[in-house]
1. In percent, what relative contact order does the range 1-79 have, based on Cα pairs under 8 Å that are 6 or more apart in sequence?
2. Which one, Pro102, Gly77, Cys59, projects farthest toward the positive side of the charge dipole computed for the range 1-103 from Cβ point charges (K/R +1, D/E -1)?
3. By how many nm would the segment from Trp195 to Ala5 lengthen if fully extended, with 0.36 nm per residue of separation less the alpha-carbon distance?
4. Given the pairs Lys136/Lys210; Lys54/Lys209; Lys89/Lys209; Lys89/Lys204, which span a C-alpha to C-alpha distance of over 32 angstrom in this model?
5. What does the accessible area per residue of the chain come to in Å², with a 1.4 Å probe and no ligands, DNA or RNA counted?
6. Among 109-115, 43-49, how do they line up by average Cβ neighbours within 10 Å per residue, starting with the highest?
7. Whenever you get a sec, line up Lys54, Lys209, Lys172 from highest to lowest accessible area (probe 1.4 Å, protein heavy atoms).
8. Mind checking the dipole of the chain: about its Cα centre, +1 per Lys or Arg Cβ, -1 per Asp or Glu Cβ, Debye to the nearest 20?
Amino acid sequence: MDPKAFHTLSYGVYVVSSWDNGRPTGCTANCAAQITSSPATVMVSINKDNYTNKCIADCGHFSLSVLSENSDPSIIGTFGFRSGRDTDKFENVAWQVRDALPVLSDSCAYIVCRVIGTMDTPTHTVFLGEVTGAEKTSENTPMTYAYYHNVIKGKTAKNAPTYIAQETEAGKYICSVCGYEYSGNIPFEQLPDDWRCPVCGQPKSVFRKK
């Protein structure tokens, strides 16, 4: 089986959110799709190890914030490479409540859903949601997963349904949090001490040489 065949499928970049006993929580996701138009129904696939999975199951509702090419890329790292069990991911990002669910302000659209069914897999839960609210909030171009990889140079979290292990070129400096490989024109050692990972926002000190 050639896992690269899966790269030909289309994906977006989203933040899936829910409530954790009144506290907003969420995670980055790339596997979401509209299933039907009437009634409007969408699905999201969330790893069972993600705290957001439990929160959606307990709350019975979830929201999708659709990230755009203009969205701050550090959002992807904040929601994709940290756990909501012990981190307030919403602490340093602008968000608002729309149709009773938390959504990110730095997005081009949001969709709010009530869970009406689930499908169980060995590693993920597929949540089926009936849409209870949705709005396109800007004309910015929605971010695709290809844009995330090819332009932002981001990496796939191990909990993502599309994760494929890859070899890293020797001598590269790698972010130990999100896997971002630094490939700038300035030698890594000469970057200022306050430089941060463009994907997850972590400091230079978390980078490791491979």
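The values are calculated or read from the model by the stated rules, or taken from the named source; none is laboratory data. Everything numeric in this text was worked out from a predicted model, so none of it was measured. Because the Cβ atoms are built from the backbone with ideal geometry, glycine has one as well, and the counts that use them run over all protein chains shown. Heavy atoms of the whole protein, side chains included, go into the accessibility calculation; ligands, DNA and RNA do not. Shrake-Rupley method; radii C 1.70, N 1.55, O 1.52, S 1.80 Å.
1. Computed over the range 1-79, the figure is 34 percent.
2. Checking the options against the dipole of the range 1-103, the answer is Cys59.
3. Using 0.36 nm per residue and subtracting the Cα-Cα distance, I get 64.8 nm.
4. Details: Lys136/Lys210 42 Å; Lys54/Lys209 35 Å; Lys89/Lys209 28 Å; Lys89/Lys204 20 Å.
Beyond 32 Å: Lys136/Lys210; Lys54/Lys209.
5. On the way: 11080 Å² over 210 residues.
Heavy-atom accessible area per residue stands at 53 Å².
6. Top to bottom by mean Cβ count within 10 Å: 109-115, 43-49.
7. Lys209, Lys54, Lys172
8. Dipole size: approximately 400 debye.
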